[in-house]
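Novice: Sharing a structure with you now.
Values in this text are rule-based calculations from the coordinates and carry no lab data. From a predicted model like this one, the values you see are computed outputs, not experimental measurements. Cβ placement follows ideal geometry from the backbone for every residue including glycine, while neighbour counts extend to all protein chains displayed.
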């Protein structure tokens, strides 16, 4: 395998709160870039015994990792309905799933940070997005071997977009036998949807391969009748996908310690978008968004050399080329006066192109030191064509039609060098320190905006550091402390593109934006013995220079011709986040039962130029608790899981630009009762099945303002066969 590495209620903002912050200052981890590794968890390994490279870029168990990491292995993935990768991460402590009103484009937030501040990697190689929403996780779950998650800033490790964290999706290689055929399908009653996939894979001598394809189609989401719908369905939540995937690998060398691989992917998406009824307030009478195209294509080449010598231990090289084609259509209709309407239709036709690669050397100059050094390069280009047409009626006998066309071609070129050293400086102590230096060139290659036609580009240089300490001197226990830095470059859209998407308001790009940055302090403990698995962490993060939009009032810096109704991207906001994350389970002796709990307590304060608030659209408590069963019945391996998923209510306070008053929207707390079961039978467990009975009490709920109302009582049934 590759070692790649609501109805809203409004009020004045509450007075400022004084919160005692307990900060355990430590030291963190590593460094590096893209390309992480594919490592297999051993059969029967506990959650903390699984091996990952995502926390340190060297192979280490979750137990002994200095970072907050979670590994979702193949066995866990096979027990979930494979609708999306994001759904498979919903119960990771500190992780929230968001979809920004489009059911087919799910993203994740980590520790309250927006999806735009989370890095998404596929086999260690980055997917960029350049939207205000962040990168959706669009990859076929049937081709995923494991998912590694880093919670918290990780820019030393994984590039200039990782303030919230990192998700690395490792795809599958060939099966162990010469030929293995896989067929699978899932039915989703909550969307009257279906999903099917087929694959052929195997290993012949030193050669391994996998070829697969998949299709899915979902109708509108079924939800309880209530404030969001009177029909029981959310209009505008249908979507469909199709996928193709190819893996070819070859091992060579006397010890078969050299491995090369080629991987190719294609993912195509069509999706609608739901409109919150509360959004249709005066003067807006209609609002619609369609996403008829979101296509990703990628080809990647990888080389790994393992155990090459006493000093040069490992070598990793990878290169890739990737395109994302997307089409966005937005219509908003307003009736500012009786008999008068304003209809604004906007489109955006974009292509994102990524190409680059990573080189990493693992060195062992001394038995107490393990060092990695490397280089990473990423060329990230955005070509966008935008149209906007406004039709105004009621001001005379004929409609007034105005339109605009704009086009931009912009790019970011990032070259970074990294180094990390793991130092076992005393018995049971290990110190891992890392440094990464970035050189970033930003260019506006072509534009229809005359005000920016002479823009000559700019360059930025920045170093970020991290350090981590682990102590393993207590039986079956690892104590850890960390410090890490986060760094997010502005997107090309924020820098250069003027857009009228959303409510039809014009927002100007700003080429003078500065990067967003953060500092994270964290301490944790892990324990694994006597059937008890415990992973707990406390964290405190400060972030600044958040990119936001501000009205084009005097002194805002908007271009000539801007009106007071227009907006500008600007560095103006900051955030302070702190909390505790917990995962615990207990395999009760002499039974097949394992009670468990996972979740997070988190507080997040947003700081704006004129006010601050803890009402940041983040639940204070969220998580899952239940009991699992593992056993065998009539020769069938059976598992079952009865659990509650719940969160406290959320609030979101914002400044009304028209009234200059603070307004607070609320969502109530919620909890759903769920039951899942499944199993496998036949030689090598060739037949696998899983059934999920979701939201048994048909609870109406909405997790956050960034997520659609939840599906009502529903069934998901999956069957997979291998030959």
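Novice: Can you tell me the relative contact order of region 51-722? Whole percent, Cα pairs under 8 Å, sequence separation 6 or more.
Specialist: Reported relative contact order: 10 percent.
Novice: Right, something else. Per-residue ellipticity at 222 nm for the chain, helices alone: DSSP H runs ≥ 4 residues times -39500 (n - 2.57), over residue total, nearest 500 deg cm²/dmol?
Specialist: -500 deg cm²/dmol
Novice: (1) 40, 30, 27; (2) 65, 31, 24; (3) 79, 38, 23: which one is semi-axes √(5λ) of the Cα gyration tensor in Å as calculated from this entry?
Specialist: Given (1) 40, 30, 27; (2) 65, 31, 24; (3) 79, 38, 23, the structure-derived one carries the label (1).
Novice: Among 267, 130, rank each residue by its count of other Cβ atoms within 10 Å, from fewest to most, as a rough exposure measure.
Specialist: 267, 130
Novice: So, in nm, how far is label residue 192 from label residue 308 when the simple model puts each one 7 Å beyond its Cα toward the Cβ?
Specialist: For the pair residue 192/residue 308, the computed spacing is 5.8 nm.
Novice: Let me ask something additional. Provide the FRET efficiency to the nearest 0.05 for the residue 255-residue 461 pair, computing r from the beta carbons and using R0 = 56 Å.
Specialist: So the FRET efficiency works out to roughly 0.85.
Novice: Here's a follow-up. Test of understanding: what is the full-extension gain from residue 453 to residue 548, defined as 0.36 nm times their sequence separation minus their Cα-Cα distance?
Specialist: Between residue 453 and residue 548, full extension yields 31.8 nm more.
Novice: Right, here's the next one. Quick one: if the Förster radius is 41 Å, what FRET efficiency do residue 231 and residue 580 give, using the C-beta to C-beta distance and rounding to 0.05?
Specialist: 0.50
Novice: Which value in nm describes the separation of the simple spin-label points at residue 588 and residue 644, placed 7 Å from the Cα toward the beta carbon?
Specialist: Distance between label points: 1.7 nm.
Novice: Same structure, new question: Could you list 701, 455 so that the one with the fewest beta carbons within 10 Å of its beta carbon is first and the one with the most is last?
Specialist: With the sparsest Cβ surroundings first, the list reads 455, 701.
Novice: Treat the count of other C-beta atoms within 10 Å as a stand-in for reagent exposure and order 329, 516, 254 from fewest to most.
Specialist: Fewest-to-most ranking of 329, 516, 254: 254, 329, 516.
Novice: I'd like to compare 392-398, 406-412: which one has the highest average count of other Cβ atoms within 10 Å, and what's the full order after that?
Specialist: Ranked from most to least packed, the peptides come out as 406-412, 392-398.
Novice: If R₀ is 45 angstrom, what is the calculated FRET efficiency for the pair residue 64 and residue 395, using the beta carbon separation as r and rounding to 0.05?
Specialist: Approximately 0.05, to the nearest 0.05.
Novice: How far is the Cα center of region 197-211 from the Cα center of region 651-680, in Å?
Specialist: 44 Å
Novice: May I ask you to order 95-103, 237-245, 672-680 by the average number of other C-beta atoms within 10 Å around their residues, highest value first?
Specialist: 95-103, 237-245, 672-680
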